[in-house]
1. Can you find a residue in segment 204-223 that is more than 16 Å from the ligand (Cβ to nearest atom) and either among the aliphatic types (A, V, I, L, M) or under 26 Å from residue 160 (Cα atoms) (or both)?
2. Checking the conditions here, which among 89, 71, 82 is open to solvent by less than 80 Å² (accessible area, probe 1.4 Å), more than 13 Å from the ligand (Cβ to nearest atom), modelled with pLDDT under 95 and not in a helix (DSSP H, G or I)?
3. For segment 43-78, which positions are under 24 Å from residue 25 (Cα atoms) and touching a residue at least 40 places away in the same chain (Cβ under 8 Å)?
4. Of the conditions (1) free of Cβ contacts under 8 Å to residues at least 24 places away in the same chain; (2) in a helix (DSSP H, G or I), residue 110 fails just one. Which one is it?
5. When the residues of segment 38-47 are filtered to those that are in contact with a helix residue (DSSP H, G or I) (Cβ under 8 Å, 6 or more places away or on another chain) and of a type in the set (S, T, N, Q), which remaining residue is farthest from the ligand (Cβ to nearest atom)?
6. Among the listed residues 50, 8, which satisfies the condition of being modelled with pLDDT of 95 or more, within 13 Å of the ligand (Cβ to nearest atom) and either surrounded by fewer than 19 Cβ atoms within 10 Å (Cβ to Cβ) or assigned to a helix (DSSP H, G or I) (or both)?
7. Looking only at segment 11-29, which residues are more than 16 Å from the chain's Cα centre (by Cα) and either buried (at least 19 other Cβ atoms within 10 Å of the Cβ) or of a type in the set (S, T, N, Q) (or both)?
8. Please verify whether segment 134-144 includes one or more residues that are open to solvent by 40 Å² or more (accessible area, probe 1.4 Å), away from the ligand (no atom under 12 Å from the Cβ) and within 18 Å of residue 75 (Cα to Cα).
Amino acid sequence: MPGRRAFITGTSQGLGAFLATRLAEDGWKVTGLGRRPRTESSAAQAIDYIQADLSLPETVEELPALIGETPDLIVHSAVVYPSREISVPGWADLEGAFRVNALVPYRLTLDLLADKPQDHFTSCVVVNSEAICHADRQSGVYAASKAALRVLTTALAESCRSHNASVSTLLLGPLADPAKVADLRGIAERRGVSEAEITRLFLRKSNPDLVIESLIDFESCYRSVMYIADLGPVANGMMCRLDGGSAGSLI
Ligand SMILES: NC(=O)c1ccc[n+]([C@@H]2O[C@H](COP(=O)([O-])OP(=O)(O)OC[C@H]3O[C@@H](n4cnc5c(N)ncnc54)[C@H](OP(=O)(O)O)[C@@H]3O)[C@@H](O)[C@H]2O)c1
């Protein structure tokens, strides 16, 4: 869709970098945001890049001016994964996770929608995780921050009704991110079995509640974002679930 503008967080690596790159390839003018310097970002050079730390309150105050006119598409993909090894997380880590994963998407969306002309439609896609359905001791903080995001997204959808905008959730299961794929490939090679078999074993162990045998590819996530964006206002409040069947879905 040539000429359309997108703003995406978390574009220095992982899913955010992929989405930003694919949008740019499809003719969108993309502004991405990551914490590391642009030179260390894996997103395509074609995207504008804002280097900022979303855990700092002043960043969110400054961002609307840096982004400029409210874009046609906003995607919140940035995430903090709290350490799974620390048994008692510090306050700074707890607050940082909730700020980046839940509070920033909420507050920034409100600010960008408030600045938007009423006749300009904006679609906002909030990336969430099936982790909200089954937390354990190690994933509890991450899952709780994403559960907060899910509730705040519903609140945003309510305010969109009067703002000619839609806010939707893209709820994802385990992704085929390059690091995870490389780890699984290495294990498969060492054990002399296929990558597909090791991936199945990994998923059964790490995500026993999912009915899923392979990792979710980034391209399917991109197509889901495009699907939501193309739906327009009717997508407001929608949850697009790409997770292979989350906890309880078969019960
Ligand atoms: N990976 C999965 O299996 C999976 C499964 C379900 C859902 N999801 C969701 O998918 C989305 C993308 O996940 P991912 O695994 O692809 O992420 P990722 O590879 O860990 O990348 C996270 C991104 O967020 C940025 N970020 C983190 N803290 C930041 C901060 N304080 N300020 C600014 N930027 C910050 C990172 O920037 P820097 O690296 O430059 O700091 C990076 O660009 C997330 O919303 C996640 O919850 C992922």
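1. For segment 204-223, residues more than 16 Å from the ligand (Cβ to nearest atom) and either among the aliphatic types (A, V, I, L, M) or under 26 Å from residue 160 (Cα atoms) (or both): absent.
2. 89
3. 67, 69, 70, 71, 72, 73, 74, 75, 76, 77, 78
4. (1)
5. Going through the qualifying residues, I end up with 42.
6. 50
7. Those that are more than 16 Å from the chain's Cα centre (by Cα) and either buried (at least 19 other Cβ atoms within 10 Å of the Cβ) or of a type in the set (S, T, N, Q) (or both): 24, 28.
8. no
The values are calculated or read from the model by the stated rules, or taken from the named source; none is laboratory data. The structure displayed is predicted, hence computed values, not measured ones. Cβ: placed from backbone, ideal geometry, glycine included. Neighbour counts: every protein chain shown. Please note that ligands, DNA and RNA were not included when accessible areas were found on the heavy atoms of the full protein model with its side chains. Shrake-Rupley method; radii C 1.70, N 1.55, O 1.52, S 1.80 Å.
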